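Q: This structure is in structure tokens; I'll ask about it shortly.
The values are calculated or read from the model by the stated rules, or taken from the named source; none is laboratory data. Computed from a prediction, not measured in an experiment: that's the story for all the values here. Every residue, glycine among them, receives a Cβ derived from its backbone with ideal geometry; neighbour counts consider all protein chains shown. Keep in mind that these areas ignore ligands, DNA and RNA; they rest on the heavy atoms of the full protein, side chains included. Shrake-Rupley method; radii C 1.70, N 1.55, O 1.52, S 1.80 Å.
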Amino acid sequence: MRIPRNGRFALLSGALATVLVAAGVAVTGSAEAATTLGASAAQTGRYFGVATSAFRLSDTNYMTILNREFNSIVAENDMKWDATEPQQGRFNYTNGDRLVSHAQSRGMKVRGHALLWHAQQPSWAQGMSGSALRNAAINHVTQVATHFRGKIHSWDVVNEAFADGGSGGRRDSNLQRTGNDWIEAAFRAARAADPGAKLCYNDYNTDGINAKSTGIYNMVRDFKSRGVPIDCVGLQSHLGTTLDSTYQQNIQRFADLGVDVQITELDVQQGGNQANIYASVTRACMAVARCTGITVWGLRDPESWRTGANPLLFDGNGNKKAAYTSVLNALNAGGPTTPGSPSVSPSASSQPPAPGGCSAQVTLNSWNGGYTATIRVTAGSGALNGWSVGVTVPSGGAVTSAWNATNTGTSGQVTFRNVSYNGQVPAGGWTEFGFQGTGTGPTATPSCTA
């Protein structure tokens, strides 16, 4: 996201068509609808998140809403280049670490935003060019992704690198002038530094099928054909008073390339259509199995970067707006589960946790010859004070690294145990760990012992 917004809202409003998406979804239904955004999204393996900042952690009203409603967060500014490397080679992760720690304590996912962007670069990088800038940029990707390794669900590896207008080409920037392969180099560096994270390209004015989104589509198709590691595309969706009629179709065409789609920075100008547009976006995402989550870019209206637009789900007092209800209803209407997510029975969100003990479920991100696995450990009706998970690694494969857990053995039956910071899980709560392996990933349900 660009700050300040300047004239972008006018561009967004003018670029969007006037027809709302009327997205049909496969309804799963529920015996008792979930009552929060995160819980409802989780019923189909999705997340519903919010952009926030470390200084908000001391705002009691704000944090009450955040902790109740969301199962994912993203740092609005605290993980960007100027925040994490204010001086070349000297890194500051304090605020990013605070957000990650809070998310882990609540069982939330964390989206990383953003490793490389032409804006909000530190002053020392703004004065660089050529190979010096390229080397500094790749080092930044490597150092930041390594620091947060195993803690980030998805990284916006590159942000807003395509130009507006009808060319469908790249934006001119100091990063682009280091060579057209800079985006590819950033994704390769991010994969090496944090193999368990989903790697995303993120941009705005891409909400329908247009020249800009098609340029990105062609890049993703090229990357996939050449084995460049890219897992997801982020549609920012800073919307005005209309929604492009090809919104869902655009999500689907990216999904058909074999990448996930995430709605990464959703906000909608307040007006007569606000609730309807929020619902239409949510339905469109729910209708495509590979649309794995939605993030709103802020919590309460007065804190939005879009001053005066009142584009969020809660007003200045933290009250739910009509748009909130429309989103919750759309989430509860259901849709196909996301690939690799555990199957959820229609009424799972309203069922009590399994009595005592713990359970574990595996999600795979596979490629030719290897994979990463994410294991979610869920507590039963009693809190956990330490856990171990048994995983059967298929013959011919081996575990090569693990995060948020320690492992005994690397092939056959492998046991993973909690580390110091994630052994205590409240009743009904969950934590996650992951590992990378060679060969084919495990498909059998892991065993869990408390």
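Q: Please give the length that would be gained between Asn139 and Arg171 if that part of the chain were fully extended, namely 0.36 nm times their separation in residues minus their C-alpha to C-alpha distance (nm, one decimal).
A: The span from Asn139 to Arg171 would gain 9.3 nm if fully extended.
Q: Taking the alpha-carbon centroid of each part, what is the distance from the range 259-273 to the range 309-339 in angstrom?
A: Answer, in whole Å: 11.
Q: Can you tell me how much longer the chain between Asn368 and Thr241 gets when fully stretched, taken as 0.36 nm per residue apart minus their C-alpha distance, in nm with one decimal?
A: 41.3 nm
Q: For Thr178, what charge total do you get from the other residues with a beta carbon under 15 Å from its beta carbon, if Lys and Arg give +1 and Asp and Glu give -1?
A: +2
Q: Restricting things to Cα coordinates, could you compute the convex hull volume per residue of the chain in Å³?
A: About 134 Å³ per residue, rounded to a whole number.
Q: If I stretch the segment between Ser395 and Thr325 completely, what's the gain in nm (0.36 nm per residue apart, minus their alpha carbon distance), one decimal?
A: Using 0.36 nm per residue and subtracting the Cα-Cα distance, I get 20.3 nm.
Q: In whole Å, largest first, what are the principal axis extents of the Cα atoms in the range 64-192?
A: Projected onto its principal axes, the Cα set of the range 64-192 covers 44, 37, 26 Å.
Q: Taking only Cα atoms and a 10 Å spring cutoff, compute GNM fluctuations for the chain and point out the largest among Val158, Val228, Val50.
A: Of Val158, Val228, Val50, the most mobile in the Gaussian network model is Val228.
Q: Between the range 112-140 and the range 67-108, what is the C-alpha centre distance in whole Å?
A: So the separation of the two Cα centres works out to 19 Å.
Q: Taking amide H positions as placed in the peptide plane 1.01 Å from N, state which residues far from Ala309 in sequence (5 or more) or on other chains have amide H under 5 Å from it.
A: Sorted by chain and number, the residues that satisfy this come to none at all.
Q: Sticking with this one: Ignoring ligands, DNA and RNA, what accessible area per residue does the chain give at 1.4 Å, in Å²?
A: Accessible area per residue, the chain: 37 Å².
Q: Taking amide H atoms as placed 1.01 Å from N in the peptide plane, list the residues 5 or more away in sequence, or in a different chain, whose amide H sits under 5 Å from that of Val261.
A: The list, which skips near neighbours in sequence, is Val233, Cys291, Thr292.
Q: Computed FRET efficiency, Cβ-Cβ of Asn317 and Gln424, R0 41 Å: what is it to the nearest 0.05?
A: Computed FRET efficiency for Asn317 and Gln424: 0.75.
Q: Calculate what fraction, in whole %, of the accessible area of the chain sits on carbon and sulfur atoms when a 1.4 Å probe is rolled over the protein chains.
A: Its accessible area is 48 percent carbon and sulfur atoms.
Q: Of the cross-linked pairs Lys151/Lys321; Lys80/Lys198; Lys151/Lys224; Lys109/Lys320, which ones have a Cα-Cα span greater than 27 Å in the structure shown?
A: Table pairs above 27 Å Cα-Cα are Lys151/Lys321.
Q: Next up: Given a Förster distance of 35 angstrom, what is the FRET efficiency for Ala119 paired with Arg68, based on the Cβ-Cβ distance and rounded to 0.05?
A: Calculated transfer efficiency: 0.60.
Q: Where is the GNM fluctuation largest for the chain (alpha-carbon springs, 10 angstrom cutoff): Asp301, Asp181, Asp203?
A: Its mean-square fluctuation being the largest, the pick is Asp181.
Q: Same structure, new question: All other residues with a Cβ under 15 Å from the Cβ of Gln126 taken together, and with Lys, Arg as +1 and Asp, Glu as -1, what is their net charge?
A: 0
Q: Continuing with the same structure: How large is the charge dipole for the chain, taken about the Cα centre, if only the Cβ atoms of Lys, Arg (+1) and Asp, Glu (-1) carry charge, to the nearest 20 debye?
A: 360
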